[in-house]
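Enquirer: Sharing a structure here in structure tokens format.
The values are calculated or read from the model by the stated rules, or taken from the named source; none is laboratory data. The model shown is predicted, which means the values in this text are computed figures rather than measured ones. Positions of Cβ are backbone-derived with ideal geometry, glycine not excepted, and every protein chain shown enters the neighbour counts.
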Amino acid sequence: MAGLRTVGFAMFFNRENLRRVIVAAIALPLFYLYITKLPPVFFFLLLILISVIAQVEFHSMYKTKKIISFIGAAGGVLLFFSSFGTQDSGFSHWPFTFAFMLISTVRLFLIKDPSASLNNIAPAVISFFYIPTLLISQWYLMQKGYEWILFLYGCVWASDSFAYFIGKSVGKRKLYKEVSPNKTVVGAFGSVAGGILSALLLGDLLLKGMGLPALIVMGFSIGSVTIVGDLVESMFKRDAGVKDSGSFIPGHGGVLDKIDGVLFAGPVLYWITLML
């Protein structure tokens, strides 16, 4: 028994996990104050910053040419500003059109050889749909109240944490070893359990009057899609042959590594709110 306790202690308090705890202890209070004390427009600007950094990381994974990377990230910024004054997901399609036209035109004249043109363009186009298009839903959630943002990130963090620690402790059967060798089936159940438990707790604190069935549905949905979002990013990283999307956050990898789950959870939560 003492041996098991020693192994468990070593697993949870190794250098990597210690860095995670330190960064989280600093970042979470700052994030809470930023969300709750500043006007919503500051969250809007934060989303743009996160989107640009994550897109650049994605482009770097696939060694996208800098000019195409710049245009792709700029297209994401245009998407955000086209959605700033709207109250729902009915934003204009013109940033999509403009970004694709500009990216493909630059590739046309930047490299005269047409071979591999799709490979040159694809990362910028995919990152446009993958990152800012999914992130924008958080702006719509913010307009419903900062409580929804705290609820979203709290549930995603709990889902990630439950998946990690439960999977590390008792998980043996691999969930999807071709994409992410370390993830287990038990860890996936842990993600769902973390989503539901955190939704019940945070719902009681933040979403007064929200019924129990709605909270369970939201928690289950967030816990489920969080691990899918994680796997999708792992798929891209395996394809690109990299371990992390970047090294922006000490002990946590890149920005994209930290938002992979919430990229999928944000739109799902927003869609659920439309049905409430």
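Enquirer: In segment 198-207, how many are among the hydroxyl-bearing types (Ser, Thr, Tyr) and surrounded by fewer than 19 Cβ atoms within 10 Å (Cβ to Cβ)? Don't jump to the end; show me each part of the working.
Expert: Going through segment 198-207, the residues among the hydroxyl-bearing types (Ser, Thr, Tyr) turn out to be 198.
Subset that is surrounded by fewer than 19 Cβ atoms within 10 Å (Cβ to Cβ): none.
Count: 0.
Enquirer: Continuing with this model, one more query. Kindly indicate the residue of segment 146-185 that is charged (D, E, K, R) and buried (at least 22 other Cβ atoms within 10 Å of the Cβ) and also nearest to Gly219 (Cα to Cα) among those meeting that condition.
Expert: If we filter segment 146-185 for residues that are charged (D, E, K, R), which is where we start, we get 147, 160, 168, 172-174, 177-178, 183.
With the extra rule that they be buried (at least 22 other Cβ atoms within 10 Å of the Cβ), the set shrinks to 160, 183.
Values: Asp160: 13, Lys183: 20 Å.
Here the answer is Asp160.
Enquirer: Another question about this same structure. Any chance segment 181-189 includes a residue that's over 27 Å from Leu30 (Cβ atoms) and in contact with an Asp or Glu (Cβ under 8 Å, 6 or more places away or on another chain)? Please lay out each step first, then the result.
Expert: Quick first cut of segment 181-189, residues over 27 Å from Leu30 (Cβ atoms) only: 181-189.
Next, only the ones that are in contact with an Asp or Glu (Cβ under 8 Å, 6 or more places away or on another chain) stay: 183.
Yes; the residues of segment 181-189 include at least one that is over 27 Å from Leu30 (Cβ atoms) and in contact with an Asp or Glu (Cβ under 8 Å, 6 or more places away or on another chain).
Enquirer: Exactly one of (1) under 10 Å from Ile68 (Cα atoms); (2) surrounded by fewer than 18 Cβ atoms within 10 Å (Cβ to Cβ); (3) under 26 Å from the mean Cα position of the chain (by Cα) is unmet by Gln143. Its number?
Expert: (1)
Enquirer: With respect to Leu135, is the statement that it is in a helix (DSSP H, G or I) and surrounded by fewer than 22 Cβ atoms within 10 Å (Cβ to Cβ) true? Spell out the reasoning first.
Expert: Details: in a helix (DSSP H, G or I): yes; surrounded by fewer than 22 Cβ atoms within 10 Å (Cβ to Cβ): no.
Answer is no for this residue.
Enquirer: Can you tell me which residue within segment 80-94, out of those that are in a loop (DSSP other than H, G, I, E, B) and among the polar types (S, T, N, Q), is modelled with the highest pLDDT? Reasoning before the result, please.
Expert: Start the filter on segment 80-94 by keeping residues that are in a loop (DSSP other than H, G, I, E, B), which leaves 84-93.
Next, from what is left, pick out any that are among the polar types (S, T, N, Q): 86-87, 89, 92.
On the way: Thr86: 67, Gln87: 62, Ser89: 57, Ser92: 60.
Only one residue tops the list, namely Thr86.
Enquirer: Would a scan of segment 70-79 turn up a residue that is of a type in the set (Val, Ile, Thr), buried (at least 19 other Cβ atoms within 10 Å of the Cβ) and at pLDDT below 95? Full working, then the answer.
Expert: First pass over segment 70-79, keeping only residues of a type in the set (Val, Ile, Thr): 71, 77.
Applying the additional criterion that residues be buried (at least 19 other Cβ atoms within 10 Å of the Cβ) yields 71.
Next, from what is left, pick out any that are at pLDDT below 95: 71.
Within segment 70-79 (the criterion being of a type in the set (Val, Ile, Thr), buried (at least 19 other Cβ atoms within 10 Å of the Cβ) and at pLDDT below 95), the answer is yes, since at least one residue qualifies.
Enquirer: Same structure, new question: Name the one entry in Ile222, Ile227, Ile216 that is closer than 30 Å to Thr64 by Cβ and either of a type in the set (A, V, I, L, M, F, W, C) or in contact with a Leu (Cβ under 7 Å, 6 or more places away or on another chain) (or both). Walk me through how you get there before you give the answer.
Expert: Values: Ile222 fails: closer than 30 Å to Thr64 by Cβ; Ile216 fails: closer than 30 Å to Thr64 by Cβ.
Result of the check over Ile222, Ile227, Ile216: Ile227.
Enquirer: Oh, and also: Kindly list the number of the only condition in (1) at pLDDT 95 or above; (2) within 11 Å of the chain's Cα centre (by Cα) that fails for Lys258.
Expert: With respect to (1) at pLDDT 95 or above; (2) within 11 Å of the chain's Cα centre (by Cα), Lys258 is out only on (1).
Enquirer: Tell me which of these Leu152 doesn't satisfy, since it passes every other one: (1) in the same structural domain as Asp257 (by TED's automatic domain parsing); (2) touching a Ser or Thr at 6+ places or on another chain (Cβ under 9 Å); (3) aliphatic (A, V, I, L, M).
Expert: Condition not satisfied by Leu152: (2).
Enquirer: Please go through segment 145-180 and pick out each residue that is among the small types (Gly, Ala, Ser), closer than 20 Å to Ala265 by Cα and not in a helix (DSSP H, G or I). Outline the logic, then answer.
Expert: Within segment 145-180, the subset among the small types (Gly, Ala, Ser) is 145, 154, 158-159, 161, 163, 167, 169, 171, 180.
Now narrow it down to the ones that are closer than 20 Å to Ala265 by Cα: 145, 154, 158-159, 161, 163, 180.
Once the filter is applied, which keeps residues that are among the small types (Gly, Ala, Ser), closer than 20 Å to Ala265 by Cα and not in a helix (DSSP H, G or I), segment 145-180 yields Gly145, Ser180.
Enquirer: Only one residue in Met210, Met218 is closer than 28 Å to Pro29 by Cα, over 16 Å from the mean Cα position of the chain (by Cα) and buried (at least 20 other Cβ atoms within 10 Å of the Cβ), so which one is that? Can you show your working first?
Expert: On the way: Met210 fails: buried (at least 20 other Cβ atoms within 10 Å of the Cβ).
The conditions single out Met218.
Enquirer: Hey, another quick one. Which condition breaks for Met101 when tested against (1) at pLDDT 90 or above; (2) exposed (fewer than 15 other Cβ atoms within 10 Å of the Cβ); (3) under 26 Å from Arg238 (Cα atoms)?
Expert: Failed condition: (3).
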